[in-house]
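Engineer: Structure in structure tokens, see below.
The values are calculated or read from the model by the stated rules, or taken from the named source; none is laboratory data. Keep in mind that what you see is a predicted model, and the values were worked out from it rather than measured. Heads up, the Cβs are rebuilt from the backbone with ideal geometry, glycines too, and the neighbour counts pull from every protein chain shown. For the accessible areas, the whole protein counts, side chains as well, though only heavy atoms, and no ligand, DNA or RNA atoms are used. Shrake-Rupley method; radii C 1.70, N 1.55, O 1.52, S 1.80 Å.
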Amino acid sequence: MTGEPLTADPPRDGGPGRVDHSAVLRLSLRDPERFGDIFDAYFAEIHGYAAKRLGPDAASDVAAQTFLEAFHGRARYDASRAAVRTWLYGIATNVIGKHRRSEVRGLRARARLGPGRDEGGHADRVDARVSAQGLRGRLAGALAGLSDGERDVLLLVALADLAHEEIAAALDIPYGTVGSRLSRARRKLRAALGGTNPMREQENDHG
């Protein structure tokens, strides 16, 4: 692809050696081939997110559809609202939303597989176990029991490490709704996992 080597989106205050992918996205409006830089920078990450939620079979289709929708909708991208990475996670989550039944079926199937390799680990590190290997046993069953909105918010924290304000921008929901959905999801998981803390507290980290 053309252009300089790519790194992750820059911090909001910018930084030396960082590529401004929002600027690359704007350039792609005049030169569509520049969108390939966005694809190269984020496809593997978005594919991984989809694989952890839906399994490897659906991940390639979800990731491809995410970037297709991003390409066609790039003129509507608003850099003041979200970084490119956050914006892509929002699109990917919406695409995954078309596979809700498959996701829930998959989680319930994994629940029947029994404990994952980390199932016996510290309860307050469940966020680290929310991965392709960790979505098994009681955790998978508990995730299947969440509402769609609760699951989306919790997995964007656990799998994508998005801050509350980023999730609000990605899903186009109020900031307060992110916190309330996450709190409900944690309470439900805590109850399903025997009253232990299923996620490390991240509000202090993410504001």
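Engineer: Go through (1) open to solvent by 10 Å² or more (accessible area, probe 1.4 Å); (2) modelled with pLDDT under 90 for Gly134 and report which single condition fails.
Structural biologist: (1)
Engineer: OK, next. Could you tell me which numbered condition Ala192 fails, if it satisfies all but one of (1) touching a residue at least 40 places away in the same chain (Cβ under 8 Å); (2) hydrophobic (A, V, I, L, M, F, W, C); (3) closer than 29 Å to Asp78 by Cα?
Structural biologist: (3)
Engineer: Take segment 15-27 and flag every residue that is over 24 Å from the mean Cα position of the chain (by Cα) and either surrounded by 12 or more Cβ atoms within 10 Å (Cβ to Cβ) or in a helix (DSSP H, G or I) (or both). Break it down stepwise before answering.
Structural biologist: Kept after step one, since they are over 24 Å from the mean Cα position of the chain (by Cα), are these residues of segment 15-27: 15-17, 27.
Residue satisfying the conditions is Leu27 alone.
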